[in-house]
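Trainee: Here you go, one structure.
Laboratory data are not the source of any read-out in this text; all were calculated from the coordinates shown. Keep in mind that what you see is a predicted model, and the values were worked out from it rather than measured. Cβ sites come from the backbone with ideal geometry, for glycine too, and all protein chains shown count toward neighbours.
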Amino acid sequence: MGRLSEKIAFITGVASGQGRAAAKLFAAEGATIVGCDVNQSGAAQTVSEVHAAGGRMSTFGPVDLSSAAAARKWIADGVAEAGGIDILYNNAGNARFGLLDDFPIEDWSFTLRNEIDLVFYTTQAAWPHLIARGGGAVLNTGSIAAMRGNAHMGFSAHAAAKGALQAFTRQLAAEGARHQVRVNTITPGPIRTPPTMAMPAEVAENIRAAIPLGRWGQPEDVAYCALYLVSDEARWVTGAEFVIDGGSTAVD
């Protein structure tokens, strides 16, 4: 316990899934959490669970991070309330899927705006605060869709955005090093979150059967890796990509 003692951690997308799991784990390890989400009721439930466990958390919202102004306001309001920022976990994202031949341009633009633009907005807003703090950690959320193609899933926009995110991470790691700002990517495979739990049972079972470790990932599986990457234990880790996928990318 106490791996994030006295740290202030900003987490996007805290209403459920990986964001909620990270908020609860980081708070249990001593961090003060500043969250946001477009789903304010879900975010409020996360705050309630953190408080019930004795942790410290506030949330702002609803916040649509695809708006640069909204992202800047969230960072500014959170810094003013919490007194600074040590960690930015860019967990939130939203994608639309479809095969290329009939994929609407609007869905392409929506996905890039909600999976790469919003990370730029929040990180740019937080950057001077992290530098003023003397350093910190930024953690971005990738996807194994950026590592390999899938002939049956319409991942073109999602894969493009997450591929760009990994390149963005490496560039920020280079720029941030002189300021002791570390930037890494965590790349989950199939995780049981509310959207994936809505899949037809047959589809979910086919995905599970293809995972070498034999089960879907849970949000906590990602949160434990995230905890390491934002903690001082990873103080010599930057520009890296950590894959959490049950072995999915290790096989064809």
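Trainee: Which one of MET197, MET147, MET57 has the biggest mean-square fluctuation once the chain is modelled by GNM with Cα springs under 10 Å?
Mentor: MET197
Trainee: Alpha carbon centre of the stretch 36-83 versus the stretch 92-142: separation in Å?
Mentor: Using only Cα atoms, the two centres lie 17 Å from each other.
Trainee: List the residues whose amide H sits under 5 Å from the amide H of ILE244, counting only those 5 or more places along or on another chain, with H placed 1.01 Å from N in the peptide plane.
Mentor: It is THR187, GLY189, by chain and number.
Trainee: Please identify, among GLY134, GLY30, GLY19, the residue showing maximal mean-square fluctuation in a Gaussian network model of the chain using a 10 angstrom Cα cutoff.
Mentor: Result: GLY134 has the largest fluctuation of those listed.
Trainee: Loop only per DSSP, at most 12 neighbouring Cβ atoms within 10 Å: give me the chymotrypsin sites (Phe, Trp or Tyr not before Pro) in the stretch 200-252, ordered by residue number.
Mentor: Numbers: sites: TRP216, TYR224, TYR228, TRP236, PHE242; in loops: TRP216, TRP236.
Hits after loop and neighbour filter: TRP236.
Trainee: Using only the alpha-carbon atoms, how far is helix 17-28 inclined from the longest principal axis of the chain? Give it as 0 to 90 degrees, nearest 10.
Mentor: 30 degrees
Trainee: Something else about it: Roughly how tilted is helix 219-230, in degrees to the nearest 10 and between 0 and 90, from the longest Cα axis of the chain?
Mentor: The angle comes out near 50 degrees.
Trainee: Give the aspartates and glutamates whose C-alpha is closer than 12 Å to that of LYS24, dropping any in the same chain fewer than 8 places away, or say none.
Mentor: Answer for LYS24, where 12 Å is the Cα cut-off: GLU49, GLU220, listed by chain and number.
Trainee: Helix-derived [θ] at 222 nm for the chain: sum -39500 (n - 2.57) over DSSP H runs of at least 4, divide by residue count, nearest 500? Let's see the in-between values first.
Mentor: On the way: 9 runs with 109 residues, N = 252.
Value at 222 nm, helices only, nearest 500: -13500 deg cm²/dmol.
Trainee: If you don't mind, another one. Of ARG192, ARG182, ARG113, which has the largest mean-square fluctuation in a 10 Å C-alpha GNM of the chain?
Mentor: ARG192
Trainee: Return the equivalent ellipsoid semi-axes of the chain as a descending list in whole Å, where each equals the square root of 5 times an eigenvalue of the C-alpha gyration tensor.
Mentor: 28, 20, 19
Trainee: Tilt of helix 68-82 relative to the longest C-alpha principal axis of the chain, in degrees (0 to 90, nearest 10)?
Mentor: 40 degrees
Trainee: Which of the GluC sites (Glu not before Pro) found in the stretch 1-58 are loop residues per DSSP with 10 or fewer other Cβ atoms within 10 Å of their Cβ? Write out the running numbers ahead of the final one.
Mentor: Values: sites: GLU6, GLU29, GLU49; in loops: GLU6, GLU29.
Listed in order of number, the matching sites are GLU6.
Trainee: Separate question: How much length, in nm to one decimal, is gained on full extension between GLN124 and ILE105, taken as 0.36 nm per residue of separation minus their Cα-Cα distance?
Mentor: 4.2 nm
Trainee: Trypsin sites (Lys or Arg not before Pro) within the stretch 196-252: which are DSSP loop residues with at most 15 other Cβ atoms inside 10 Å?
Mentor: Counting only loop positions with at most 15 other Cβ atoms within 10 Å, the trypsin sites (Lys or Arg not before Pro) in the stretch 196-252 are ARG215, ARG235.
Trainee: Also: State the answer as a single residue: which of GLY19, ALA173, SER156 lies farthest towards the positive end of the charge dipole of the stretch 8-242, with beta carbon charges of +1 for Lys and Arg and -1 for Asp and Glu, about the Cα centre.
Mentor: Result: ALA173.
Trainee: Considering amide H positions built from the backbone, and no H for Pro or chain starts, which residues 5 or more places from ILE11, or on another chain, come under 5 Å of its amide H?
Mentor: Those qualifying (amide H under 5 Å, at least 5 residues apart or on another chain) are VAL34, GLY35, CYS36, TYR89.
Trainee: OK, next. For the chain, what relative contact order do you get, as a whole percent, if you take Cα pairs closer than 8 Å and at least 6 residues apart?
Mentor: Details: 504 pairs, mean separation 46.9, N = 252.
Relative contact order here is 19 percent.
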